[in-house]
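Asks: I have a structure I would like to understand better, so I am pasting it below and will then ask my questions one at a time.
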Amino acid sequence: MNKKSAPINQKKSSMAEQIRTIADQLKQETKIQIKATSRILGAAAQIAENHDQLIDEVVDMVNEDLDKDTSSPETILYTVNNLKQQYKTLREAKLYFDIKANSWESLANKLNHQPIIESTQNNVREPSISDLYARLIMIENDLKNMSIENNQIISLLKQILLNQDENQER
């Protein structure tokens, strides 16, 4: 009987060893999956942050454009009396405004009906085409980086799913 019990004990110990090996493999795979999930969540958080930043930049650009459209200078109503008080002669007023007029009334009418021109004292610099182009290129590069990060996340998710499928088959 001792001879029979020895092979049974060996089978039990080899079976226990196999179970321990499988348990160790599962622990290692679980650690790998936790690390991969952590990376995915980190990448997703970075993508969300980049997305928010891009949205903020676009909103800022749109707001700047809207502010330029709505920040028209105050309209000034010119009257003959105001012009006469401000300028000594009709000639001086015409030179100042660079407008041809035959009378004070004509000058006032032309000033009141001319298109509004923004003051040259306004220090707001309108972005040049090259500035806008550079900003758009930066946004495009950010979008490309986000796309790369998305692809990395997708491949990590696929890898996790494959590992889970393999574990379930065992």
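Asks: Within the group 85, 46, 33, 25, which residue is surrounded by fewer than 10 Cβ atoms within 10 Å (Cβ to Cβ) and at pLDDT 80 or above?
Replies: Numbers: 46 fails: surrounded by fewer than 10 Cβ atoms within 10 Å (Cβ to Cβ); 33 fails: surrounded by fewer than 10 Cβ atoms within 10 Å (Cβ to Cβ); 25 fails: surrounded by fewer than 10 Cβ atoms within 10 Å (Cβ to Cβ).
Checking each option against the conditions leaves just 85.
Asks: Turning to a different aspect of this structure: Give the number of residues within the range 137-170 that are more than 21 Å from residue 38 (Cβ to Cβ) and at pLDDT 80 or above.
Replies: 9
The values are calculated or read from the model by the stated rules, or taken from the named source; none is laboratory data. On a predicted model such as this, the values are computed, not experimentally measured, just so you know. As a convention, Cβ positions derive from the backbone with ideal geometry for all residues, glycine included, and neighbour counts pool all protein chains shown.
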